[in-house]
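None of the figures in this text is laboratory data; all of them are computed from the coordinates on show. Keep in mind the model is a prediction, meaning the values are calculated, not measured. So basically every Cβ, Gly included, is an ideal-geometry build from the backbone, and we count neighbours across all protein chains shown.
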Amino acid sequence: MRGAADLSLAYTPGVAAPCLAISRNPEDAYRYTGKGNLVGIISNGTAVLGLGNIGPLAAKPVMEGKAMLFKKCAGIDVFDIELSTERPEHFIEIVLALADTFGAINLEDIAAPDCFQIQDRLAEQLSIPIMHDDQSGTAVVACAAIENALRIQDKKICDVKLVCVGAGAAGIGILKLARAYFGLALEQIHLVDSRGLVTVDRLDLPTHKLPYAKPPVRDASLAEAVRGADVLIGVSGGGIVTPEMVASMAGKPVIMAMANPDPEIMPAAVHAVRPDAIVATGRSDLPNQVNNSVCFPYLFRAALDARATRFTHAMFAAAVAALAGLAEEPAPPELRKMYRKEAMEFGPEYILPKQDDPRLRGHMVPAIEAAWTPADAAA
């Protein structure tokens, strides 16, 4: 602003004109304010990375770091909000009261099972896109990795036995999208939690585990569940998968050990007993990092640009396909130079694009945006 005239336009009395316009037509908020490029990251800090329930204030650095990625990768403005409540009803009430501020909302680091209720209830009641990234973002990247790894291993998704170790937000999110995207049958899925294989004779099963419960078995151990598996997804804790378990898997297995900072099993330990395996982790210092940063900025950029009112399965499917497809394309020279000591050709040690691949935004956003249709708004 260069003087009093500019100030009077930006604030009083000039600001009254857009206020009146928005009061007559709320859609004008996208025209006269920053709403259309503003995402709220909202957390209560009950499930932060591998740190657990550290509370809202201690979670703030994670939200601020994520805000930086939104801006750098997709040009999106962010306001982070940390809520001091562990009651789902209270959390939902607060977010509903705040929602008019934002063009979209990213729920973050909320413990299961509360995260499922919060996500579903808010998605039903809001007319802006809302996504729990620990569920949906993780699922998109994991499914892209699974698709490419199975292609390299020459396996058909309809033939695989998939074991998921971890029944929290990430695990359930991956399984939901795997069923929708791949058409994976429930019979192919084996869900393992802290007590072993999830079975129907466990009378205390929460709702989100029920679809995956198997008939009672004599041995519900992780070791027995993993036996003969083609795909092992780990979203649990460091070191819980042993070389002996890996050795018992089917030929040419796919192992996604995504616990942070320590994977369920290290790639070197896998390859010592199964050199035919493809291994992915959540770590940036190892090949095949499975990290939400290759996904969430572009999902939100596409949703904002499309003026979507919600995220749809079609948008998530488009994100999976775009991400998986990009890994098959030749990496640009500048990226090869940055990662000159790593594999940069589509293969067992390069199943996903790097998180700083400059092609991600241009490749993913149009594909995801095209998956949104006006009919989705009325659905």
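Side notes on the structure shown:
- C-alpha long axis of helix 313-328 to longest principal axis of the chain, angle in °: 60
- The chain - percent relative contact order, Cα under 8 Å, separation 6 or more: 14
- Computed from the C-beta positions of Asp276 and Thr101 and an R0 of 51 Å, the FRET efficiency is 0.50 to the nearest 0.05.
- Here's the picture: a label point sits 7 Å out from the Cα of Arg121 along the beta-carbon direction, and within segment 62-91 the residues with their amide nitrogen under 16 Å of it are 83-91.
- Applying both filters, DSSP loop and at most 10 other Cβ atoms within 10 Å, to the trypsin sites (Lys or Arg not before Pro) of segment 189-259 gives Arg218.
- Rounded to the nearest 500, the helix-only mean residue ellipticity at 222 nm of the chain stands at -12500 deg cm²/dmol, with each DSSP H run of n ≥ 4 adding -39,500 (n - 2.57).
- Cα gyration tensor, segment 89-137 - rounded (a/c under 1.5), prolate or oblate: oblate
- Here Ser194, Ser236 are placed in order of increasing Cβ neighbour count within 10 Å, fewest first, which gives Ser194, Ser236.
- Estimated FRET transfer efficiency when R0 is 35 angstrom, pair Glu64-Ala268 (beta carbons, to 0.05): 0.55
- Contact order, relative form, for segment 274-379: 38 percent (alpha carbon pairs under 8 Å, 6 or more residues apart, mean separation divided by residue count).
- Length-normalised contact order of segment 137-281 in % [C-alpha pairs under 8 Å, at least 6 apart]: 21
- Gyration tensor verdict on segment 34-133 (Cα atoms; rounded if a/c is under 1.5, prolate if a/b is larger than b/c, oblate otherwise): oblate
- 0 to 90° range, to nearest 10: angle between helix 56-74 axis and the chain longest Cα axis: 80
- Part-to-part distance (alpha-carbon centres) for segment 90-147 and segment 154-188, which is given in Å: 21
- Cα gyration tensor category, rounded, prolate or oblate, for the chain with a/c compared to 1.5: prolate
- Extension gain, Leu9 to Asn260, is 85.4 nm, computed as 0.36 nm per intervening residue step minus the present C-alpha separation.
- The GNM of the chain, with springs linking C-alpha atoms under 10 angstrom apart, assigns the highest mean-square fluctuation among Ala139, Ala178, Ala269 to Ala269.
- The loop-placed trypsin sites (Lys or Arg not before Pro) in segment 325-356, going by DSSP, that have at most 16 neighbouring Cβ atoms within 10 Å of their Cβ come out as Arg340, Lys341.
- Calculated FRET efficiency for the pair Ala250/Glu89, C-beta based, R₀ 30 Å, to 0.05: 0.10
- When you filter the trypsin sites (Lys or Arg not before Pro) in segment 1-50 for DSSP loop state and at most 15 other Cβ atoms inside 10 Å of their Cβ, you are left with Arg2.
- Compared with the dominant Cα axis of the chain, that is its longest principal axis, helix 296-306 is turned about 40°.
- Full-extension gain in nm, Ser23 to Asp201, via 0.36 nm per residue minus C-alpha separation: 58.5 nm
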